[in-house]
Each structure stands twice: as structure tokens, then as C-alpha cells.
1. Suppose the filter is more than 49 Å from the chain's Cα centre (by Cα) and in a strand (DSSP E or B); does Ser97 pass it?
2. Considering (1) without any contact (Cβ under 8 Å) to a residue 40 or more places away in the chain; (2) out of contact with any helix residue (DSSP H, G or I) (no Cβ under 6 Å at 6 or more places or on another chain), say which one Ser97 fails and leave the rest.
3. Can Gly146 be described as within 29 Å of Arg90 (Cα to Cα), open to solvent by less than 30 Å² (accessible area, probe 1.4 Å) and either in contact with a helix residue (DSSP H, G or I) (Cβ under 8 Å, 6 or more places away or on another chain) or acidic (Asp, Glu) (or both)?
4. Just for region 41-67: of the residues that are modelled with pLDDT of 90 or more and open to solvent by 60 Å² or more (accessible area, probe 1.4 Å), which one is nearest to Pro86 (Cα to Cα)?
5. Do we find that Arg211 is open to solvent by 60 Å² or more (accessible area, probe 1.4 Å), under 30 Å from Ser162 (Cβ atoms), charged (D, E, K, R) and modelled with pLDDT of 85 or more in this structure?
6. Conditions first: (1) open to solvent by 20 Å² or more (accessible area, probe 1.4 Å); (2) at pLDDT 80 or above; (3) not in a strand (DSSP E or B). Thr303 passes all but one, so which condition is the exception?
7. Select from region 104-159 the residues that are part of a strand (DSSP E or B) and of a type in the set (Asp, Glu) and write down the one among them that is farthest from the chain's Cα centre (by Cα).
Amino acid sequence: MEWPARLCGLWALLLCAGGGGVAAPAETQPPVTNLSVSVENLCTVTWTWNPPEGASPNCSLKYFSHFGNKQDKKIAPETYRSKEVPLNERICLQVGSQCSTNESEKPSILVEKCISPPEGDPESAVTELQCIWYNLSYMKCSWLPGRNTNPDTNYTLYYWHSSLGKVLQCEDIYREGQHIGCSFALTKVKDSSFEQHSVQVMVKDNAGKIRPSFNIVPLTSHVKPDPPHIKNLSFQNGDLYVQWKNPQNFYSRCLSYEVEVNNSQAETHDIFYVEEAKCQNSEFEGNLEGTICFMVPGVLPDTLNTVRIRVKTNKLCYEDDKLWSNWSQAMSIGQKANPTFYITTLLIIPIIVAAAIIVLLLYLKRLKIIIFPPIPDPGKIFKEMFGDQNDDTLHWKKYDIYEKQTKEETDSVVLIESLKRASQ
């Protein structure tokens, strides 16, 4: 009898232990109330709500929220949620309440609140709205007009960031071909968290006929530095040492470089990608304070070498590493060929060629006469043979005529004198 009693007691004990070990199902909380949405600045959207009514007093309320398609899930005790989003499309937030931060816990019924895009024809909104932060000093935004807009539309750009107390209007509007743009001052703040923020931008027209267009520009991307400044070029042991100064507002560790070397004699065009600029030579690194040094190996010192440099941000400090600066002003080193030699050569060569052609032509003419002598002309030979006799005959004929005329004149004189005597 003792064994059945013990078995029954053990069975009861196991049932009690099992019943105590099974967790009671979590109680689903009521939904939140008074969910509302508002817009601050240009693109800061804030959703707020009130705690659910009739929530369990033993529940430490947490709020589960996410945007459309269950993006950016978040569980937090705050009764609000903010997000910087461009208001070009409809944005919805769903919020529910629960008693823990465990995502596996089923929240209350989700309540949704949406914010609609601004009114207006979507085809009238500007397109390709993008902004670039130049040298951490000013931002330049550009866009193309919408499809359904007049060519003479006057645009206005508004911007805001965390260092501003209010939304400002950009005054420097310009046109570059089909693109329209505006630039405004944006200086890097010493606050280390400044670059973690964004710039909110909105473009619309003055008459309010087009649909506004929004953009969020993170300050860790779309950064374009100014070109560096080459300070010195020098040769040592067949290597070219290049020293330059980085653009202002940037740390050297946040930049990558490209060094271009053009050799005039070899007509080479070499580009060296430099992630960490070091000369490995204390003599050059210490010559100019605040400069960066890089060694280009195997450069011919007896020729003219022209150097240019450009820089870009790297992913050590920024999210974007696609925007190169413009090329720096070129600097040259080496011996340049004397242009007088080339000019003299260009002048002498044609003269030598012309003289050679003339000599060759004369030589060929004499050679032609020797090889192919001219054929004698028979008529000319006969003329040369009888030309002297004809001349003598003509001479004698002239002499006879002269003698005859003289004799006739003499006879006439004698006759006249005879007649005079007879008359006397």
C-alpha cells in the first residue's frame, strides 16, 4: 500500500512543478491612442501618441513601431518617433504597445498614421535634385525643371540643418545650360557630431504652381575637396619627391590622392594612386611644415617631368569616395630641350634638300647629254659650209656697183666742162 501512495504523491508533485514551470501567456495590451503626425523644419517628420487606455498596471509599456513594409523596426519606451525623410512620397508609421523589448512578443493592434506628399502635379516637380558640399565650405545644389513647367519659372531653394535656428532661403540662384542651381555657405562646425547630421533641402516656385521637391543630403557624403597645392619637386637617387599641401578643412587621413607624372621625352602618362602619402625620408618630410610627401620611383631627371595631383575623400571618414577634386596646377622639373636646335634644324633641312635637288638635276642634265648626244642638223651644216662664200660674192657685187657709179659721175663732169668750153 505504501508504493501506490508514494507514486500518487510523486505524481501530484510533478504536476504542481510542471504547472509552476509553464509561463502564463503574455497579456496583449490595448492599442495606443491619439496617434498624430507633424512636420518640423523641412523634412523632419514626428509621430506622437498617448499610452493605451486600460493597460495592465504590471506592464512596463514599450512601443513597437515601423514604417511601411516593416522597415526600421524599433521598440522603445518613448511615446514619439522622429525621422528625416524627403516628403516626395506618402509615408506611414504603424505603432503598437507591448510589455517588453522582445520582438517575438505579439504587440497590440497596430495603429497607422500617414503623411501625404505635397499637393500639385508630380510632373511639375523638379528632377535630379542633388547637392555637393564643396571643400566643407559651401553647398551647391542643382536640378532640372519638371516636365510640366514653363521655361520662365522662378525657383526658390530653402535649406535647414541642425546649426540653424530656422529655415533659410538660398539667394544665389544661377543657370548653367538646362540646369538651375543655388549655392549657400555651409562651414564645418567644430562640434564632432555636426557631420553626422544632414541638410534638408526643398525647391519650389515663387507662384506656388509646381509641386515642391525635397532632398536629404547627409554631410558624410557628396563632399568634393578643393585641389591641393604643389609646394616642391626634387630628385634624389633617381626618384622624384613630390610635396604638396592639402586643401583646408581636411585631415590627411581622410583623403586619398592621385599623382600624375608626364614625361616629355618618353611621352609617358603615369598615374599613381596614393592612399597613404609618405616619402619614407625624414629629410623631405621635414622641409615644409604641413605638407604631404610622396616618392615617384624611376623618373628620368634628364627630361622634363610635369606633375599634377588631385584628391578625394575616403571611407575612413566619409561614406562617399567618388568625387575627385579638380587637378592641381601643374609643376615641372627637369631639363627642357632647347627649341633653337629644333628651329634651326627645321630651317636647314629644307635648304639642304633643295640644294641636293638642284645639284641632282644639273648632274642628270649633263649625264643625259653624254649618254644621249644631240643628232646633227644637216641644214645647219650646209649653211655653215657655204655661208662665207655668199658673203664674199655680195661684197664684190657691192664693189662693182660702186665703181660703176664713180665712173658715171666722172663722165658727167667731163661732159659738162666740154660743153662750157664750146660755148665760150
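1. Answer is yes for this residue.
2. Checking Ser97 against (1) without any contact (Cβ under 8 Å) to a residue 40 or more places away in the chain; (2) out of contact with any helix residue (DSSP H, G or I) (no Cβ under 6 Å at 6 or more places or on another chain), the one that fails is (1).
3. The answer is yes for Gly146.
4. Among them, the one singled out is Asn41.
5. no
6. In the conditions (1) open to solvent by 20 Å² or more (accessible area, probe 1.4 Å); (2) at pLDDT 80 or above; (3) not in a strand (DSSP E or B), Thr303 misses (1) alone.
7. In this case the residue turns out to be Glu112.
To keep it simple, each residue is scored yes or no on (1) under 22 Å from Val85 (Cβ atoms); (2) touching a residue at least 24 places away in the same chain (Cβ under 8 Å).
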| residue | (1), (2) |
| --- | --- |
| Thr153 | no, yes |
| Tyr158 | yes, yes |
| Asp172 | no, no |
| Arg175 | no, no |
| Gly181 | no, yes |
| Gln196 | yes, yes |
| Pro212 | yes, yes |
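The values are calculated or read from the model by the stated rules, or taken from the named source; none is laboratory data. Just so we're clear, the structure is a prediction, and the values are computed from it rather than from any experiment. Note that each Cβ is placed from the backbone with ideal geometry, even for glycine, and that neighbours are counted across all protein chains shown. These accessible areas exclude ligands, DNA and RNA; they are computed on the full protein's heavy atoms, side chains included. Shrake-Rupley method; radii C 1.70, N 1.55, O 1.52, S 1.80 Å.
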